[in-house]
Structure formats: C-alpha cells, structure tokens
Amino acid sequence: MLRYLTAGESHGKGLIAILEGMPSNLPLSAKDVDVDLARRQEGPGRGGRMKIEKDKVDFISGVRHGKTLGSPIGIFIPNKDFKNWTEIMSAEKGSAGEKVTKLRPGHADLAGILKYGFDDVRNVLERASARETAARVAVGAVCKKFLSEFGIKINSKVVHVGGAEGEKEIKALIEKIKAEGDTLGGVFEVTAAGVPAGLGSYVQWDRKLDGRISQAIMSIPAIKGVEIGLGFENSGRKGSAVHDEIFYDEKGYGHKTNNAGGLEGGVTNGEDIVIRAAMKPISTLLKPLKSVDLKTKKSAQAHVERSDVAAVEAAAVVGEAGLAYELARVMLEKFGHDSLPDIKAAFQSYLKRIR
C-alpha cells in the first residue's frame with residue numbers, strides 16, 4: 001500500500017516526507033523531483049519568500065545508485081530562511097519572540113488556537129502554511145516518475161486568475177491588486193493522459209477513485225471546490241447531452257467525447273482524467289481586514305505575515321502531485337507493488353486482456 005506523511009513548519013529547519021510502498025528498481029534522481037519543486041515556486045503573484053528559497057530535495061533513504069530500493073523513501077527539503085528564525089523556531093526553551101495574537105480571517109488561526117489551546121497563533125500558522133505543499137510536490141514527483149514508466153503523463157494549466165485569462169491579462173491584474181493591498185484566487189486544471197480503464201472501484205464508497213482524487217485536491221490550502229469533467233455544468237444539461245457514447249475499434253473501447261472527465265462509477269474509463277479546482281484568494285492581505293486580538297479580545301486589524309498576492313499556478317503543480325499520488329496508489333493496488341519489472345509485466349497482461 002502506498003502512503004506518505006509530511007512533517008515540518010514553514011520557518012523550521014525544513015520539510016520531511018516519508019513515502020512508503022514505492023516499488024524497487026524505479027529509476028529516480030533528485031533532478032526528477034527538483035524540477036517540480038522549482039515549478040511550484042514560479043508563477044505571477046508569488047511573494048518574497050520565493051526569492052529566498054531555492055528548493056532542492058535530499059533523499060535520505062530508499063534510493064541507492066539511482067534506483068529505489070522498495071523501502072520507505074525519506075525526503076528532506078531544507079528551509080534556507082531558517083537561519084533567520086533559529087531562536088523563534090527553536091525546539092528548546094528560549095525567546096520565542098513577540099507572540100502573534102491578531103487573528104487572520106480566512107486562515108486556520110482562529111480554529112487552530114481554539115482546537116489546540118494556544119495563546120500564540122504562530123503555533124498554528126507555521127504548520128497550516130502552504131509551505132507544507134513543497135513536501136507533497138516532492139512525493140508527487142516520485143509518483144509521476146513511476147507513472148511515466150507506464151506512459152501516464154500528468155499536466156496542469158491555469159484557467160483564470162481573478163477572472164483574467166491569458167498571461168498578459170493575469171500579470172496586469174495581479175499588479176493592480178497588489179497595489180491595492182489585496183489578493184486573488186482562480187481556477188486551475190489538472191489532467192492525466194494515458195490512463196488505462198479499470199483503475200479504482202465502485203465496490204465501496206471509499207475506494208471510488210473520483211472521491212480519492214477529490215480529497216487529494218481539496219486538501220490543498222485555499223481550495224474550495226473541485227469538479228471532474230463537465231463538473232457543475234452537468235446539472236444544467238439533459239442526459240443525452242452529458243453521457244459519453246461508447247464505441248469499439250481495433251484499439252479497443254473508447255469514447256468520442258469526454259464529459260465524464262475519464263471517470264465513471266469511481267473507475268477510470270480509458271479517457272483522460274480532467275480535474276478543475278477553484279482556489280479562494282490568499283488569506284493574508286497587505287491591507288488587513290478587521291479581526292480580534294486573542295490577548296485582549298478586542299477589535300484589531302489582522303496580523304500581516306509575508307505572503308503571496310496569488311498562487312494559482314503554484315497550486316496547479318500541487319494539484320498535479322495529488323493526482324499523481326492517487327493514480328500511483330491505484331496502479332499499485334491493481335498490478336502489485338514489490339518490483340517495477342513485475343508490475344510492468346502484470347500491466348501489459350491486463351492491457352492485452354481488455355482490448
């Protein structure tokens with residue numbers, strides 16, 4: 001079974017991920033991961049942190065001489081900015097600096113301090129930060145490398161940022177909103193091509209692949225909506241204008257349309273998987289909203305932490321990682337998980353049967 005955990009705070013020593021269940025003999029290098037870590041840091045609207053961090057992965061276990069061992073893959077991504085936060089983020093008793101007590105609307109601040117009983121919002125914001133997604137992207141990059149061995153490719157694109165489409169229009173809008181001290185959200189699309197039919201299951205609710213993918217995407221910070229294929233547009237159409245007709249030729253079963261987005265009944269149908277996600281505007285505003293001071297319980301302006309104006313392009317890369325992870329999971333569930341050559345043999349046998 002493929003699974004992973006991440007650890008680390010935004011301004012701590014670094015981020016850690018442990019990926020368990022990746023088969024042996026998968027060719028893998030740091031470069032395979034670093035390219036996606038760099039992509040996550042790109043895009044219009046990113047904040048000053050991206051000028052400091054140049055994320056690079058360090059495999060601390062599970063990879064030897066360019067191939068996976070089948071044992072847990074340990075991943076470490078150092079935070080270069082930690083040198084400026086060593087005392088504040090120290091695990092030992094000492095000066096923690098000035099406590100953050102002014103709650104930020106839209107963040108995990110209020111819910112977090114109430115749940116865990118903190119008097120310093122930094123204890124919440126450090127882990128709730130989207131910085132954690134760098135570890136997810138690293139895990140997803142390993143999964144993408146695995147999927148590439150079977151001809152499965154993951155891609156993404158920005159649909160719009162704040163309603164603006166096209167690179168020039170998006171950049172212009174972001175500069176305008178930045179000058180206003182405000183932030184933007186948007187929509188991105190993630191796709192998977194070359195996915196065989198039959199991954200996932202309709203047998204139990206928690207095995208439905210569309211549900212699993214949706215959870216992976218919804219767990220990305222600031223994501224407030226996910227749709228597959230036509231998504232919400234399905235609700236306004238007749239069935240005859242929605243359901244994809246089935247055909248058969250020398251290549252096997254297929255469809256001439258893909259309104260389902262590659263998933264029917266919680267199972268892949270052989271078409272491209274198409275996912276779109278709606279991202280709310282970044283919660284930290286340079287011109288802060290009204291809030292409450294945790295210490296005094298009186299009205300105050302929200303705390304301002306270094307942040308982005310927009311991060312839709314970066315979120316799309318995280319979305320790729322989420323989709324790649326869930327597809328890798330169901331591939332391993334169906335075709336075995338010990339050694340890559342054995343999995344490939346099972347995969348080819350299955351493709352032959354379903355044609």
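Points worth noting:
- Of the set (1) under 28 Å from residue 120 (Cβ atoms); (2) surrounded by fewer than 14 Cβ atoms within 10 Å (Cβ to Cβ); (3) among the β-branched types (Val, Ile, Thr), all apply to residue 292 but (2).
- Apart from one condition, residue 333 fits all of (1) part of a helix (DSSP H, G or I); (2) surrounded by 21 or more Cβ atoms within 10 Å (Cβ to Cβ); (3) under 25 Å from the mean Cα position of the chain (by Cα); the exception is (2).
- Any hit, region 238-252, residues being of a type in the set (A, V, I, L, M), at negative phi and in contact with an Asp or Glu (Cβ under 9 Å, 6 or more places away or on another chain): yes
- Filtering region 84-110 to residues that are surrounded by 17 or more Cβ atoms within 10 Å (Cβ to Cβ), assigned to a loop (DSSP other than H, G, I, E, B) and hydrophobic (A, V, I, L, M, F, W, C) leaves 85, 89, 100, 103, 108.
- Number of residues in region 55-88 that are aromatic (Phe, Trp, Tyr) and farther than 18 Å from residue 129 by Cβ equals 1.
- Here is the figure for region 231-265: residues that are under 30 Å from residue 130 (Cα atoms) and buried (at least 20 other Cβ atoms within 10 Å of the Cβ) total 3.
- Among (1) free of Cβ contacts under 8 Å to residues at least 40 places away in the same chain; (2) within 24 Å of residue 278 (Cβ to Cβ); (3) not in a helix (DSSP H, G or I) - the single one residue 203 does not satisfy: (2)
- Evaluation of residue 179 against the conditions (1) at pLDDT 95 or above; (2) surrounded by fewer than 18 Cβ atoms within 10 Å (Cβ to Cβ) shows that the sole unmet condition is (1).
- Taken together, the residues in region 263-311 that are of a type in the set (A, V, I, L, M, F, W, C) and either closer than 23 Å to residue 202 by Cβ or in contact with a Pro (Cβ under 7 Å, 6 or more places away or on another chain) (or both) amount to 9.
- Test: residue in region 140-150 that is buried (at least 20 other Cβ atoms within 10 Å of the Cβ), among the β-branched types (Val, Ile, Thr), under 29 Å from residue 278 (Cβ atoms) and out of contact with any Gly (no Cβ under 7 Å at 6 or more places or on another chain): yes
- Residue pairs whose Cβ atoms lie under 6 Å apart, sitting 6 or more positions apart in sequence or on different chains, and linking a residue in region 181-199 that is more than 14 Å from residue 318 (Cβ to Cβ) and among the polar types (S, T, N, Q) to a partner that is part of a strand (DSSP E or B) and modelled with pLDDT of 95 or more, are 191/155; 191/274.
- Annotation: of all residues in region 111-129 being in a helix (DSSP H, G or I) and either aromatic (Phe, Trp, Tyr) or in contact (Cβ under 8 Å) with a residue 24 or more places away in the chain (or both), the one that is farthest from residue 311 (Cα to Cα) is 116.
- Within region 206-224, the set of residues being of a type outside the set (Ser, Thr, Tyr) and part of a helix (DSSP H, G or I) comprises 206, 207, 209, 210, 211, 212, 213, 215, 216, 217, 218.
- Residue in region 130-140 that is in contact with a strand residue (DSSP E or B) (Cβ under 8 Å, 6 or more places away or on another chain), among the basic types (Lys, Arg) and in a strand (DSSP E or B) present: no
- Top-ranked residue of region 185-196 - restricted to ones that are part of a loop (DSSP other than H, G, I, E, B) and under 18 Å from residue 146 (Cα atoms), ranked as farthest from the chain's Cα centre (by Cα): 196
- Restricting region 206-224 to residues that are of a type in the set (Gly, Ala, Ser) and in contact with a helix residue (DSSP H, G or I) (Cβ under 8 Å, 6 or more places away or on another chain), the residue that is surrounded by the fewest Cβ atoms within 10 Å (Cβ to Cβ): 219
- Qualifying residue in region 32-55 (condition: surrounded by 17 or more Cβ atoms within 10 Å (Cβ to Cβ), farther than 30 Å from residue 186 by Cα and of a type in the set (Gly, Ala, Ser)): no
- Hey, residue 305 among the acidic types (Asp, Glu) and buried (at least 22 other Cβ atoms within 10 Å of the Cβ) or not: no
- Residue match in region 51-58 (condition: at pLDDT 95 or above, under 16 Å from residue 146 (Cα atoms) and in contact with a helix residue (DSSP H, G or I) (Cβ under 7 Å, 6 or more places away or on another chain)): no
- Hey, residue 315 aliphatic (A, V, I, L, M), at pLDDT 95 or above and within 18 Å of residue 231 (Cβ to Cβ) or not: yes
The values are calculated or read from the model by the stated rules, or taken from the named source; none is laboratory data. What you are looking at is a predicted structure, and each value in this text was computed from that prediction instead of being measured. Note: ideal-geometry Cβ built from the backbone for every residue, glycine included; neighbour counts use all protein chains shown.
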